[in-house]
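This report refers to the structure that appears directly beneath it.
The values are calculated or read from the model by the stated rules, or taken from the named source; none is laboratory data. Nothing here was measured: the structure is a model prediction, and the numbers come from that model. Here the Cβ positions follow ideal geometry from the backbone for every residue, glycine too, while neighbour counts run over all protein chains shown.
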Amino acid sequence: MYYSKLKPFPPNFLWGASTSAYQVEGAYKEDGKGLSVQDLHLLNEHKMDFRDASDFYHHYKKDILMMKELGLKAYRFSISWSRVLPTGKGDLNKKGIEFYDKVVDLLIENQIEPVVTLYHFDLPLKIEKDGGWFNRQTINDFENYARILFEHFKGRVRYWLTINEQNAMVNHPGAVYPQGLTMPSKKELYQQSHNMFVAAAKVTKLCHELLPDAKIGPAPNITAIYPQSCNPEDVIAADNWETIRCWTYLDVAVYGKYNSLAWSYMKEKGIAPQIYPGDMDIIKNNKPDFIGVNYYATATVAQSHNDGTDVSARAGDQQVMLGEEGVYRSAENNYIKETEYGWKIDPVGLRTTLRRVYSRYNLPLLITENGIGAKDQLMNGQVKDDYRISYFKDHFYQAQLALTDGVELIGYCPWSFIDLVSTHQGFDKRYGFVYVDKNHDNRRIKKDSFYWYKDVIKSNGSKLKGS
Ligand code: BG6
């Protein structure tokens, strides 16, 4: 639909930027921090090393001042569970929580709204070794950890995210199961996921009880799935995968029930989780206040052949669809360009995704991640990332169109504020507005996109146009 005039971004729009603890902090065993599953990632050819990361732990003051210079209204980051509680339970690590005190206070002092994710892929190692999310005790441990944070940050943190990309952890468990840990079966993953639903609902309840002024929601990886053609069988395949990959997670969180198609799929595959008495009541009665949407790229799929060839050989990550036997096959889409890492660049798909999410759930939406990973080059002290500027220009414009369509979009937090360790490609693949020079003591360099984004925020998005 075309509009003669676009709706302006609201005056309190949360122009932000995102990161997660293990991808930026470093200091992986400093000041009493316990190990998380991410600390088992070994240094490999991609320089995948979370032990040092972007060394935000030692640079946070300068980094937050750069956020201020950028004009950020919000900073979405995660708290490392094992920095606060080294084994995931038991005694509080005072120095660990003090670090987040300093971060939160400095953000507030600079009028930047902290948006805090409780858990972003970094389960404390001790908890993982005791059974991880498969063990129902982890639900209680997560609730206790959340209680500590809610009580501690009462009045300071108003936006909370429960679990980052629960769906990616089910569909692409490699990112959270480094070498040395046993990869769960698919059935176990679906049980883990069910336990996470219960944990998120309990924490949502707690947040509403302890912090009546705060808002809390999930942050799944959501994307519209296109059928390869108007062949009705391709349409069914797209519906299959969109439901199984995306709606299952939000339907449980928002409606308090499993999507019937997703349930039929889980039954057919023998992976339906065990539901314990009281689980669905807890979930149904504790709905999120908003939905965090991590959007990177759409995917295009075709009908399943169901002959043993539906799964493609190509290595997959959270945006590369592999296909699933009897469900869908991955397909090409010649209308859409892609990044050097094979992720589609589809700004219009962002509009479609936001419209679909909003019309299904009618809750305010916050874009909690979106961005382009690239092999940025530092030359003569500068990073000329015009491709990132063009990417965001187009995506912001489509977000404005979605706003005009009537979507209640409250903010946009690109991934990422600063370069960080990518979950699959380490420091080869960079996302930030700020470059981290790994060869010179992690020094920071503002990229061209930093200055461009600064103007966008300053003008509240009023000068945007699609390219
Ligand atoms: C999201 C995750 O799936 O995608 C982030 O929440 C991740 O942690 C981001 O970094 C980009 O993915 P990648 O694999 O390029 O780091």
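A few comments on the model shown:
- Looking across region 196-254, the residues that are closer than 30 Å to residue 131 by Cβ, of a type outside the set (A, V, I, L, M, F, W, C) and within 16 Å of the ligand (Cβ to nearest atom) come down to 217, 218, 220, 221, 245, 249.
- Test: residue in region 352-371 that is modelled with pLDDT of 95 or more, more than 19 Å from residue 414 (Cα to Cα), part of a loop (DSSP other than H, G, I, E, B) and not charged (D, E, K, R): yes
- Residue tally, condition surrounded by 24 or more Cβ atoms within 10 Å (Cβ to Cβ) and hydroxyl-bearing (Ser, Thr, Tyr), over region 406-422: 2
Let's see how each residue does on (1) crowded, with 22+ Cβ neighbours inside 10 Å; (2) at pLDDT 95 or above:
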position	(1), (2)
161	yes, yes
164	yes, yes
175	no, no
187	no, yes
191	no, yes
196	yes, yes
202	no, yes
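- Residue within region 446-458 that is touching a helix residue (DSSP H, G or I) at 6+ places or on another chain (Cβ under 8 Å) and part of a loop (DSSP other than H, G, I, E, B) present: yes
- Looking across region 383-424, the residues that are within 21 Å of residue 217 (Cα to Cα), part of a loop (DSSP other than H, G, I, E, B), within 16 Å of the ligand (Cβ to nearest atom) and out of contact with any helix residue (DSSP H, G or I) (no Cβ under 7 Å at 6 or more places or on another chain) come down to 413, 416.
- Tabulated pairs, region 264-281, first at pLDDT 95 or above, second not in a helix (DSSP H, G or I), C-beta under 6 angstrom, 6+ apart or interchain: 266/272
- Failed item in (1) assigned to a loop (DSSP other than H, G, I, E, B); (2) within 16 Å of the ligand (Cβ to nearest atom); (3) more than 17 Å from the chain's Cα centre (by Cα), with residue 436 passing the rest: (1)
- Selection within region 137-153 - exposed (fewer than 14 other Cβ atoms within 10 Å of the Cβ) and closer than 13 Å to residue 214 by Cα: 151
- Looking across region 164-223, the residues that are β-branched (Val, Ile, Thr) and either out of contact with any strand residue (DSSP E or B) (no Cβ under 9 Å at 6 or more places or on another chain) or assigned to a helix (DSSP H, G or I) (or both) come down to 170, 176, 182, 198, 203, 204.
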